[in-house]
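Report on the following structure.
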Amino acid sequence: MIQGEVTQALVRLREGDPRAADELLPQVYDQLRQLAQRYLAQERSGHTLQPTALVHEAYLRMVGEADWQNRSHFFAVAARAMRRILVDHARTRAAAKRGGSDVRASLELAESLAEQPDEYIVAMDAALGRLAEFDSDLAKLVELRFFAGMSIEEAAEALGVSARTAKRHWTVARGWLHRAIAQGE
């Protein structure tokens, strides 16, 4: 698949071409499934969501937005949609288990989510929401690194910044989130 084909389909979808959504999914499906597998590999074992279900739900949520500038932007939005689905799922499970109380957790952004309880994912999402109010660019970077499992270089490309800038932002974002979660705000 040529990257230009995806961008062309995204442009046509944004312009209202009803066939573009049907043509786009086969072009991006394998990459969306890899992203979903990356997310779910970081989740606890026995997770009830499967990569295929996560891809389809995320795609359905995204198709209504259809305002993507390019391929990188599309996959950043896909990562955000998958994150929302997994956080909603974790929030529901945490509420069912423990009455939905928040939890304090240490921040180890590079670690797998598999060892983290659902409450941690919910706490991280809440802190990330507060970070987005403070600096949306930092929040987007964390979202791509922590939830989508992207490298600094991959996230930098998706955000349209240099790897050096992404590294600087990553350091600031980690410190900010560490303080926010440690303080239990």
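Numerical summary
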| quantity | calculated |
| --- | --- |
| Residues (of a type in the set (S, T, N, Q) and either at pLDDT 80 or above or part of a helix (DSSP H, G or I) (or both)) located in region 13-49 | 27, 31, 34, 37 |
| Of all residues in region 50-94 being surrounded by fewer than 17 Cβ atoms within 10 Å (Cβ to Cβ) and not in a helix (DSSP H, G or I), the one that is modelled with the lowest pLDDT | 64 |
| Single match in 177, 141 (criterion: of a type outside the set (Phe, Trp, Tyr), within 24 Å of residue 34 (Cα to Cα) and assigned to a helix (DSSP H, G or I)) | 141 |
| Cβ-Cβ under 6 Å pairs, at least 6 apart or on other chains, region 4-29 side on the phi < 0 side of the Ramachandran plot, far side among the aromatic types (Phe, Trp, Tyr) | 10/68; 10/74 |
| Residue list for region 143-166, restricted to those being at pLDDT 85 or above and buried (at least 21 other Cβ atoms within 10 Å of the Cβ) | 155, 156, 166 |
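Matching residues to (1) over 17 Å from residue 177 (Cα atoms); (2) modelled with pLDDT of 65 or more; (3) crowded, with 18+ Cβ neighbours inside 10 Å:
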residue	(1), (2), (3)
99	yes, no, no
106	no, no, no
110	no, no, no
122	no, yes, yes
128	no, yes, yes
133	no, yes, no
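The values are calculated or read from the model by the stated rules, or taken from the named source; none is laboratory data. Note that this is a predicted model, so its numbers are computed, not measured. Please note: Cβ atoms are built from the backbone with ideal geometry, for glycine as well, and neighbour counts cover all protein chains shown.
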